[in-house]
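Structure, as structure tokens:
The values are calculated or read from the model by the stated rules, or taken from the named source; none is laboratory data. Fair warning: this is a prediction, and the values are worked out from it, not measured in the lab. Ideal geometry is used to build each Cβ from the backbone, glycine not excepted, and the neighbour counts take in all protein chains shown. Heads up: the accessible areas ignore ligands, DNA and RNA and are worked out on the full protein's heavy atoms, side chains in. Shrake-Rupley method; radii C 1.70, N 1.55, O 1.52, S 1.80 Å.
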Amino acid sequence: QGNMAFAGKYEFECDENYDEFVKKIGLPSDKIELGRNCKIITEVVQNGNDFTWTQHYPGGRKMSNSFTIGKEADMETMGGKKFKATARMEDGKIVADFPNYHHTAEICGDKLIEVSS
């Protein structure tokens, strides 16, 4: 199915290889600690090919990226760096290249699975 429904709120459940990944992308140690095992809520608002992807962190901080599939957009990394990226849809997954990593997101059942490599 080419246009999966991503809209919803998803609670963070687990991370694999977190330390290795955040060190590779150069996240500062204070941000590494903030992100470790933290109960992030990811909220996805979808209107056709337009998305707003918001991560709500404990303590009220949030980070949001808005983009349209196939169009370049201004985005921000976990570490606060701003960059331009074009998100695409591949096999039902949203795919985007961040400055230091490749990111995919897909819906499996009622879960949002995000992979950064």
Please report, in debye to the nearest 20, how large the charge dipole of the chain is about its Cα centre when each Lys and Arg carries +1 at its beta carbon and each Asp and Glu carries -1 there.
360
Sequence-distant aspartates and glutamates (8 or more away, or on other chains) whose Cα lies within less than 12 Å of LYS84
GLU72, ASP74, GLU76, ASP97
Phi-based couplings in Hz for segment 17-23 (Karplus 6.51, -1.76, 1.60; Gly and Pro marked x):
6, 4, 4, 4, 5, 5, 5
At 222 nm, what helix-only mean residue ellipticity would the chain give, in deg cm²/dmol to the nearest 500, using -39500 (n - 2.57) for each DSSP H run of four or more?
-3000 deg cm²/dmol
For the chain, what is the accessible area per residue in Å² when the probe is 1.4 Å?
62
